[in-house]
Amino acid sequence: MKTLPNQTAFEMVRQLLAEGREVSVRVEGQSMLPFFRSGTRIRIRPLRPDDLQTGRVVLAQTDSGPFVVHRIVGITSRRILLQGDGNLRGTESIPRGRICGAVSCSPLHLFLARLWRRLGPLRRYPLWLLRRL
């Protein structure tokens, strides 16, 4: 196993997705708590038309360059609004063309994520605990 810088690794992932291949990567960071802890392995697949829905998790490249794996929280005709499950405020507004792939999530995951998002600001309390474990 080889560890690469985020930008280099995800440029390779983007290319593999463009070729129609699925890719398995390890998540780093806490922005997707409680669903993906740092070190969790996720599968990213090429984007399908029905993946661009609120609640889905996608791989996207931000306008400033870095790649993120975050959940879709809003959609307009030109841009997709993303937010990490572990983030209470910050969002990214991404052009549709910068969405590279979708994370394979079970129906149970999607259901629990909807419940999690409905907690709103109350999420700060379980997040505080999860970040210390």
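Miscellaneous remarks
- Among (1) among the charged types (D, E, K, R); (2) under 27 Å from residue 129 (Cβ atoms); (3) more than 11 Å from the chain's Cα centre (by Cα), the one test that residue 48 misses: (2)
- Restricted to the range 12-38, and to residues there that are among the acidic types (Asp, Glu) and either modelled with pLDDT of 95 or more or exposed (fewer than 13 other Cβ atoms within 10 Å of the Cβ) (or both), the residue that is nearest to residue 84 (Cα to Cα) is 22.
- Set side by side, the residues 9, 60, 102 differ, and just one is closer than 27 Å to residue 133 by Cβ and buried (at least 16 other Cβ atoms within 10 Å of the Cβ), which is 9.
- From 130, 108, residue being hydrophobic (A, V, I, L, M, F, W, C), at pLDDT 95 or above and surrounded by fewer than 15 Cβ atoms within 10 Å (Cβ to Cβ): 108
- Any hit, the range 34-45, residues being over 27 Å from residue 133 (Cβ atoms) and either assigned to a loop (DSSP other than H, G, I, E, B) or of a type in the set (A, V, I, L, M, F, W, C) (or both): no
- Residue check, residue 74 over 24 Å from residue 130 (Cβ atoms) and among the small types (Gly, Ala, Ser): yes
- Applying the condition of being in contact (Cβ under 8 Å) with a residue 40 or more places away in the chain and either basic (Lys, Arg) or assigned to a loop (DSSP other than H, G, I, E, B) (or both) to the range 64-76 and asking which residue is surrounded by the fewest Cβ atoms within 10 Å (Cβ to Cβ) yields 65.
- For the range 77-105, a tally of residues being without any contact (Cβ under 8 Å) to a residue 12 or more places away in the chain, part of a loop (DSSP other than H, G, I, E, B) and under 23 Å from residue 67 (Cβ atoms) returns 2.
The values are calculated or read from the model by the stated rules, or taken from the named source; none is laboratory data. Because the structure is a prediction, the values reported are computed rather than measured. For neighbour counting, all protein chains shown are included, and Cβ atoms are generated from backbone atoms with ideal geometry for every residue, glycine included.
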